[in-house]
Amino acid sequence: MLILTRWTHSIHHPIASRFLAMSASSPPGPLEKSIRDKLTTLLQPASMVITNDSWQHRHHSAMREVGGGNGETHFSVQVVSNAFEKKSTMQRHRMIYSALSEEFAQGLHALSLKTKTETEV
């Protein structure tokens, strides 16, 4: 199984570059670890890439109000798992959202999901 956390991006925006330079040296936060652990247990993925996209949303007033400054509010998850066999995209996403209900209660605001089976890759 291949599980990655994407730490760097090819971005040429000065604010984004500063944020990424800081986060590249930081380990994943507790929310990201929880997402990884739960999805690994649920899906037994062949591969999974989790990207913390929170920095792109830190200026939204709603994010500042709910503690968006903690750096763990928005994530992209790309996962390949045979647990998705014979499931529609909606069913796959519901599986993930259901598994992460506690994380949403703790401040996770949004997920961008790409879900595939091994035969779809």
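The values are calculated or read from the model by the stated rules, or taken from the named source; none is laboratory data. The shown structure was predicted, so the numbers you read here are calculated from the model rather than taken from an experiment. Using ideal geometry, Cβ is built from the backbone for each residue, glycine included, and neighbour counts are taken over all protein chains shown. These area figures cover heavy atoms from the full protein model, side chains too; ligands, DNA and RNA do not enter into them. Shrake-Rupley method; radii C 1.70, N 1.55, O 1.52, S 1.80 Å.
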Task: Pick from segment 79-121, criterion open to solvent by 30 Å² or more (accessible area, probe 1.4 Å), polar (S, T, N, Q) and within 16 Å of the chain's Cα centre (by Cα), ranking: modelled with the lowest pLDDT - done: Gln106
Open item on the list: Please go through segment 93-115 and give me each residue that is touching a Leu at 6+ places or on another chain (Cβ under 8 Å) and outside any loop (DSSP other than H, G, I, E, B), ordered by number.
Closed with: His93, Met95, Ile96, Tyr97, Ala99, Glu103, Leu111
